[in-house]
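Inspection log for the structure reproduced underneath, given as structure tokens.
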Amino acid sequence: MGKITGFMEYQRLQEACEAPQKRLKTWREFVLHLDDDQARQQAARCMDCGIPFCSSGCPVNNIIPDWNDLVYRQQWRAALDVLHSTNNFPEFTGRICPAPCEAACTLNINSDAVGIKSIEHAIIDKGWEEGWVTPRLALRKTGKRVAVVGSGPAGLACAQQLARAGHAVTVFEKSDRIGGLLRYGIPDFKLEKAQIDRRIVQMEAEGVEFAPSTFVGNAGDPAADGLSVRSPASLIEEFDAVVMAGGAETPRDLPVPGRELQGVHFAMDFLRQQNKAVAGDRLAGQTLAKGKHVVVIGGGDTGSDCVGTSNRHGALSVTQFEVMPRPPEEEDKPMVWPYWPLRLRTSSSHEEGCQREWSVATKAFAGEDGQVRKLIGVRVEWAKDPATGQPKMREIEGSEFEIQADLVLLAMGFTSPAQNVLEAFGVDLDARGNARANTEDYRTSVAKVFAAGDMRRGQSLVVWAIREGRQCAQSVDAFLMGSSDLPRN
């Protein structure tokens, strides 16, 4: 490494960000990337540890020690090349990835991990600022055509890799803009959509065609209302291969009394509306948190996004409930390293204002004139079931309570990809309702049809979607050409 003793000399640096009072007034990103000197110092902390567990902890197997060393030596262009060699879209992961690489960092055993994510953020932002991110045109065209269904991170990564291999790629997206859940599932204050737009420009220059507002499925499906429709059969006939790369978008519901009341919404519907409003769309009847007592049910990233969005709307209060117990403040590192630890995580949205409660189950909603007004909850405790050995929830007697709730957002995760699309393709499903395909070739049970990302693995991280999109592209290329020069990672 560039500075062998750097990890003993320097402390971890956090990226600077705007104060909550200022950032709550806008929908812009508020995290600032490290400057050159800060990034150099942070990269100097990368140890000569021998075995880079960070790379194996990263789903796309980023070659982290190499670009850390290059940043330390201020060889930014070379660092960008190394970063792009495993990750098509580091501007996405450098902003929204939870950084499992840092959990696996060897320094994390008994100190603060290297700020890998912040260095990645700095590298790619500098790459764009310097004009180093340019189209990579295929040296030859193969004459093969590939359809990619879904324009989220898996679909975009797969499409870009296939275009660079010389194939003619068309990406079909049912939404009016390209980006999938990157576009409409992640608030602009975490990922401004200009980050997606400039990648689309790059990919178009590389030969990728985009077909938004196009539903792939059966004609007459309610989801196709107002959209162009392409049947799976027509894609299979027209293209040499088809990749299913849609997101996990079937939300987990909460079937309790009062669920039908107005003001109880799925989180993704709420977030999608706001993202469209930020993009300039005029929405009739947008769900707003302004002047309301908001309750978010679900303690994950989607719930956190609802908290940040509600505070920017001007909510009177925001409360977040999680049915699982409160995690520990710090993990037992020797017990869990290098794996992703269970510990309390406080997001930037929580810091902006939120009452968080754990071990709470929702019993019912109550309202007036069809509008939700309060939530009835109960405290729960968890204990190991002697029969199964699994944790089992039990309500605590006498712990029922009520809380004012003018807007309830259900952010409890997703159960599967869109079942109507899977059924239209007729692919075999696994036990969780995902397209059945392995990670060796990503092929489904239907000839010429592949599946990657959430469509294959279920709800997951953006970085996992990018990995699967890249690997699927390599499998498709080998299927079409007999062999492939595309990287597996």
**OP:** Quickly run through the stretch 26-55 and pick out the residues that are assigned to a loop (DSSP other than H, G, I, E, B) and among the polar types (S, T, N, Q).
**Re:** Thr26
Original post:
Within the stretch 154-184, how many residues turn out to be assigned to a loop (DSSP other than H, G, I, E, B) and farther than 29 Å from Ala277 by Cβ?
Top reply: 3
Subject >> Pairs where the first residue, in the stretch 92-118, is closer than 22 Å to Ser304 by Cα and of a type in the set (S, T, N, Q) and the second is assigned to a helix (DSSP H, G or I) and open to solvent by 20 Å² or more (accessible area, probe 1.4 Å), C-beta under 7 Å, 6+ apart >> reply: Thr93/Val462
**OP:** Looking for whichever is open to solvent by less than 30 Å² (accessible area, probe 1.4 Å), β-branched (Val, Ile, Thr) and over 22 Å from the mean Cα position of the chain (by Cα) here; the options are Val149, Val229, Val171, Val216. Which one fits?
**Re:** Val216
Subject >> Scan of the stretch 97-119 for residues that are in contact with an Asp or Glu (Cβ under 8 Å, 6 or more places away or on another chain), assigned to a helix (DSSP H, G or I) and either open to solvent by 40 Å² or more (accessible area, probe 1.4 Å) or hydrophobic (A, V, I, L, M, F, W, C) (or both), ordered by number >> reply: Ile116, Lys117
Original post:
From the list Ala465, Ala405, Ala447, Ala451, which residue is outside the structural domain of Val243 (by the TED database) and of a type outside the set (Asp, Glu)?
Top reply: Ala405
Original post:
When you go through Arg443, Arg373 one by one, which is the residue that is of a type outside the set (Gly, Ala, Ser) and either modelled with pLDDT under 95 or farther than 26 Å from Ala159 by Cα (or both)?
Top reply: Arg373
Original post:
Hey, among the residues in the stretch 397-422 that are open to solvent by 60 Å² or more (accessible area, probe 1.4 Å) and modelled with pLDDT of 95 or more, which one's nearest to Leu271 (Cα to Cα)?
Top reply: Gln404
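The values are calculated or read from the model by the stated rules, or taken from the named source; none is laboratory data. Keep in mind the model is a prediction, meaning the values are calculated, not measured. Every residue, glycine as well, gets a Cβ built from its backbone with ideal geometry; the counts of neighbours run over all protein chains shown. Keep in mind that these areas ignore ligands, DNA and RNA; they rest on the heavy atoms of the full protein, side chains included. Shrake-Rupley method; radii C 1.70, N 1.55, O 1.52, S 1.80 Å.
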